[in-house]
Amino acid sequence: MRILLPKGEQRKFIEKILSRISIADAAKLCNLSERTIRDWRRERFLMDKKAVFKLCKKTNVLFPKKFKEKDDYWYVLEGSKLGGKIGAMACIKKYGCVGGPHRKEKWYEWWESKGKFVNSNPLFRRKAISKPRKSKELAEFIGIMLGDGGFTARAKQIQITLNSRDDKEYIKFVCNLINKLFNRKPSIFECKDAVASKISVSNMDLVDYLIELGLKTGNKIKLQMDIPDWIKNKKSYSIACVRGLVDTDGCVFNHKYLVKEKIYNYKKLAFASYSQPMRQSVYNILESLGIKSRLFSCRDVRIDSQKDMKTYFKLVGSHNSKHLNKYYK
């Protein structure tokens, strides 16, 4: 079961929990990844009820009073009831009945024999995009896609999911970058059950072009995706791609510790990925720039020293004001 809290309350609850235990301890207690705890704090996903009970018991924080219970995959049922019907009626109204019989195998049979050759129906016309030459901007976009992006070959759609509050300015940057590169204006959808925005572009040519550039459809962790070779083989492209990766799947954080009754407080940077080749590539690129980092646990690449942090923001930099504000504050 999942629990749905009023907007903003889930973030407050997790922050209260994390004021008493660390993210690592919270993740270990719930048998989850640290990223899941961070995503709960961002309100990207609903919290697991059993995990919330464990956190409350451990920290003596009261269980939230106002909440609704939701089954896992509740959104699938609600979407199928309303969204599917509305979408089907709108499609039929605009394009007519496409595909004949509704049985899946019959539809694919129709598609292979007739449907994909029908150029007169606007539903199947490809909308052309600009196919830019390989550049620093294109390499940074690939980094963004490898970080918080994804796409499916069948749906012919790309999506990039970002925090609608913390990444508000960065969302504008990503949309402008897509428009500049591909001459396509993306759509932005606000998630109702989380503080998240989905940047979306539906275009067959765009998906095909990204596959040509080295991206793959499917689960990035299972596929153990890596930065494409054409990026790794050129220094300026590598820098831009790392910037896109860290701006989406990285964070700047304060590290406080006590030594002989003196408190030390330093800014550090972490890039998280469960893809081992991706972590290794980021580590290698940073090393080639003279930035000392370390492979931390099975998911992080971390920059610890203040000298290397300064070098990172000088050579790589960031287009995400969230990171810049945290570093320079």
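The values are calculated or read from the model by the stated rules, or taken from the named source; none is laboratory data. Keep in mind the model is a prediction, meaning the values are calculated, not measured. Don't worry about glycine lacking a Cβ; one is built from the backbone with ideal geometry, like all the others, and counts go over all protein chains shown.
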Original post:
Within the set of pairs 6 or more residues apart or between chains, which connect a residue that is under 18 Å from LYS7 (Cα atoms) inside the range 32-50 to a residue that is modelled with pLDDT of 90 or more and charged (D, E, K, R) with Cβ atoms less than 6 Å apart?
Top reply: ARG41/ARG11; GLU43/ARG11; PHE45/ASP39
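So which of VAL246, VAL201, VAL195 ends up being more than 25 Å from ASP300 (Cβ to Cβ) and crowded, with 17+ Cβ neighbours inside 10 Å?
Matching residue, one of VAL246, VAL201, VAL195: VAL201.
Any residue in the range 240-254 that is assigned to a helix (DSSP H, G or I), assigned by TED's automatic domain parsing to the domain that holds SER288 and more than 16 Å from the chain's Cα centre (by Cα)? Talk me through it step by step, then tell me what you get.
If we filter the range 240-254 for residues that are assigned to a helix (DSSP H, G or I), which is where we start, we get 240-249.
With assigned by TED's automatic domain parsing to the domain that holds SER288 added as a condition, the list becomes 240-249.
Now narrow it down to the ones that are more than 16 Å from the chain's Cα centre (by Cα): 240.
For the range 240-254, residues assigned to a helix (DSSP H, G or I), assigned by TED's automatic domain parsing to the domain that holds SER288 and more than 16 Å from the chain's Cα centre (by Cα): present.
With respect to MET47, determine if the residue is hydrophobic (A, V, I, L, M, F, W, C) and modelled with pLDDT under 85.
On the way: hydrophobic (A, V, I, L, M, F, W, C): yes; modelled with pLDDT under 85: no.
Spelling it out, it is not the case that MET47 is hydrophobic (A, V, I, L, M, F, W, C) and modelled with pLDDT under 85.
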Subject >> Number of the condition not met by SER297 [criteria: (1) of a type outside the set (Phe, Trp, Tyr); (2) farther than 23 Å from LYS326 by Cα; (3) modelled with pLDDT of 95 or more; (4) over 20 Å from the mean Cα position of the chain (by Cα)] >> reply: (3)
Original post:
Which one is modelled with the lowest pLDDT, of the residues in the range 129-152 that are out of contact with any helix residue (DSSP H, G or I) (no Cβ under 6 Å at 6 or more places or on another chain) and of a type in the set (Gly, Ala, Ser)?
Top reply: GLY150
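Would you list the helices (runs of 4 or more DSSP H) that sit entirely within the range 168-232 and hold 1 or more residues that are aliphatic (A, V, I, L, M), closer than 19 Å to PRO132 by Cβ and touching an Asp or Glu at 6+ places or on another chain (Cβ under 9 Å)?
Values: elements: 168-182, 204-212, 220-223, 229-232.
Ranges flagged: 168-182.
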